[in-house]
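A short write-up of the structure that comes next.
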Amino acid sequence: GDSVTQMEGPVTLSEEAFLTINCTYTATGYPSLFWYVQYPGEGLQLLLKATKADDKGSNKGFEATYRKETTSFHLEKGSVQVSDSAVYFCALTYEGYNFNKFYFGSGTKLNVKP
Amino acid sequence: EAQVTQNPRYLITVTGKKLTVTCSQNMNHEYMSWYRQDPGLGLRQIYYSMNVEVTDKGDVPEGYKVSRKEKRNFPLILESPSPNQTSLYFCASRPIEGQPLSPLHFGNGTRLTVT
């Protein structure tokens, strides 16, 4: 079946450090991949997405590349800020008949210290 | 402002006392869904709805009911809550018609505690 696996958290970094949050997936078809972010006390918000292999999604300095050969969609940012402290979720879904299902990873909490 | 609104934000109740968590969206989305979020488990889908009067089970539907009588509303009903339903609940919606792969829009969550 389909699933998403994320690295365990929490991840603690100093401001301006480089961030990588690993995400790998198992898919029965050709999914689209997403990163969502959840700030304290809020719902999830879309951060970025990629719809096919080798696509790169980017937003607010974050990037992730859809790697079909390694079934990965790792999230990166070159220089994190305190305001990036949040929980990050990797997710996949499909276009077409199975679009009603979103598969989420377990979330990775990021703490950024000044 | 386009949004998904859940109420209440916090709810403490006792075992067996029926409760309803409301969800409303103002974006005319066809698809709506309920998730629960538990530590280490991420988000798990409870129920979803493709449109008015069309609902189906997600991965963890036991102990929950839903209804979709109007397009904008999708309430979550717990007929006899139990402590294992203590969790953080999210409602989400997305358009279907003409917008493939559109992202989910989430409410701010309802933290439910069942004692």
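Descriptive notes on the structure:
- With 50 Å² as the minimum drop in accessible area between chain alone and full protein complex (1.4 Å probe), the qualifying residues in the stretch B:32-46 are B:43.
- Divide the volume of the convex hull around the Cα atoms of the stretch A:26-92 by the residue count and you get 85 Å³ per residue.
- For the pair A and B, total buried accessible area rounded to nearest 100 Å², probe 1.4 Å: 1800
- The mean accessible area for residues of chain A, using a 1.4 Å probe and ignoring ligands and nucleic acids, is 48 Å² per residue.
- Antiparallel bridge percentage (DSSP; both residues within the protein assembly as shown; nearest 5): 90
- Positive end of the dipole of the protein assembly as shown (Cβ unit charges, origin at the Cα centre): among A:31, A:94, B:96, the Cα lying farthest that way belongs to B:96.
- Subtracting the Cα-Cα distance of residue A:45 and residue A:30 from 0.36 nm times their residue separation leaves 3.1 nm of extension gain.
- Straight-distance candidates among the aspartates and glutamates for linking to residue B:17, with alpha-carbon spacing under 14 Å and chain neighbours fewer than 8 residues away dropped: B:79.
- Qualifying trypsin sites (Lys or Arg not before Pro) for the stretch A:1-58 [loop in DSSP, other Cβ within 10 Å: at most 15]: A:52
- Looking at chain B, the accessible area is 48 square angstrom per residue; that uses a 1.4 Å probe and ignores ligands, DNA and RNA.
- Against the compact-protein benchmark of 2.2 N^0.38 Å, the Cα-based radius of gyration of the protein assembly as shown scales to 1.01.
- Theoretical FRET efficiency, 1/(1+(r/R0)^6), r = Cβ-Cβ of residue B:86 and residue A:8, R0 25 Å, to 0.05: 0.60
- Summing charges over all other residues whose Cβ lies under 10 Å from the Cβ of residue A:74, with Lys and Arg as +1 and Asp and Glu as -1, gives -1.
- Given charges at beta-carbon only (K, R positive; D, E negative), |dipole| of chain B in Debye: 300
- Computed in the context of the full set of protein chains, the accessible area of the protein assembly as shown at 1.4 Å probe radius has 48% of its extent on carbon or sulfur.
- Across chain A, Cα-Cα distances exceeding 22 Å account for 28% of all pairs.
- Test item: A:24-37 mean partner chain Cβ contacts at 10 Å: 1
The values are calculated or read from the model by the stated rules, or taken from the named source; none is laboratory data. These numbers were taken from a predicted model, which means no experiment stands behind them. Every residue, glycine as well, gets a Cβ built from its backbone with ideal geometry; the counts of neighbours run over all protein chains shown. These accessible areas exclude ligands, DNA and RNA; they are computed on the full protein's heavy atoms, side chains included. Shrake-Rupley method; radii C 1.70, N 1.55, O 1.52, S 1.80 Å.
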